[in-house]
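Structure first, then comments.
Derivation of every value follows stated rules applied to the coordinates shown; laboratory data play no part. Keep in mind it's a predicted model, so treat the numbers as computed, not measured. Counting neighbours? That spans all protein chains shown, and the Cβs are built from the backbone with ideal geometry, glycine included.
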């Protein structure tokens with residue numbers, strides 16, 4: 001298993017990992033403090049502190065695995081084709097609607113902000129295409145729909161997009 005990440009992705013992961021590790025002593029101290037309140041079966045502070053410590057440790061393991069399996073990728077793409085971090089205006093002829101999306105690494109996927117993973121069916125379908133191309137997107141259950149690329153604004157990996165916490 002490996003993760004295709006940019007240099008900025010890897011740097012963001014390393015920064016979060018350092019931050020998470022810096023929290024460990026304080027979280028351990030909080031567990032010890034809460035444990036002193038007595039009966040652990042009814043001690044909500046202890047349960048909460050333990051849950052926070054375990055969540056932090058889990059995130060540390062995830063970050064270490066992501067960094068350890070990362071494969072560095074380039075964001076270079078032809079100037080007239082959809083590439084990583086580009087903003088792409090899409091036209092949906094069936095609905096007569098437009099939408100602007102940004103193609104990002106899976107680590108920075110956020111569909112609520114129209115940041116679409118290059119690994120998603122939609123992202124995979126439009127990568128490498130040019131203005132004027134009509135592409136058929138294959139959705140769940142065999143559902144397909146056409147989209148047309150209306151414009152491409154070349155982007156950069158500027159670190160403004162946060163990494164996903166999920």
Per-residue Cβ neighbour rank within 10 angstrom, fewest leading, 58, 164: 58, 164
Antiparallel content of DSSP bridges confined to the range 1-119, in %, to 5: 55
Between the alpha-carbon centers of the range 134-166 and the range 46-73, tell me the distance in whole angstrom. 28
Return one number: the angle in degrees, 0 to 90 and rounded to the nearest 10, between the long axis of the Cα atoms of helix 44-68 and the longest principal axis of the Cα atoms of the chain. 50
How large is the helix-only mean residue ellipticity at 222 nm for the chain, computed as the sum of -39500 (n - 2.57) over DSSP H runs with n ≥ 4, divided by its residue count, in deg cm²/dmol to the nearest 500? -12500 deg cm²/dmol
Please compute the volume of the convex hull spanned by the alpha-carbon atoms of the range 1-45 and report it per residue in Å³. 106
Once the piece of chain linking residue 153 and residue 110 is laid out straight, how much longer is it, given 0.36 nm per residue of separation minus the C-alpha distance between them? 13.6 nm
Pick from 128, 141, 68: which is most flexible by mean-square fluctuation in a GNM of the chain where alpha carbon atoms under 10 Å apart are linked? 141
Could you line up 35, 165, 130 from fewest to most neighbouring Cβ atoms inside 10 Å? 165, 130, 35
Using only Cα atoms, tell me the angle between helix 7-35 and the longest principal axis of the chain; keep it within 0 to 90° and round to the nearest 10. 20
Once fully extended, how much extra length lies between residue 143 and residue 52, figured as 0.36 nm per residue of separation less the alpha-carbon to alpha-carbon distance? 28.6 nm
Most exposed first, judged by fewest Cβ atoms within 10 angstrom, 106, 134 run 134, 106
How much length is gained on full extension from residue 39 to residue 131, taking 0.36 nm per residue of separation minus their Cα-Cα distance? 26.5 nm
Antiparallel content of DSSP bridges confined to the range 91-146, in %, to 5: 65
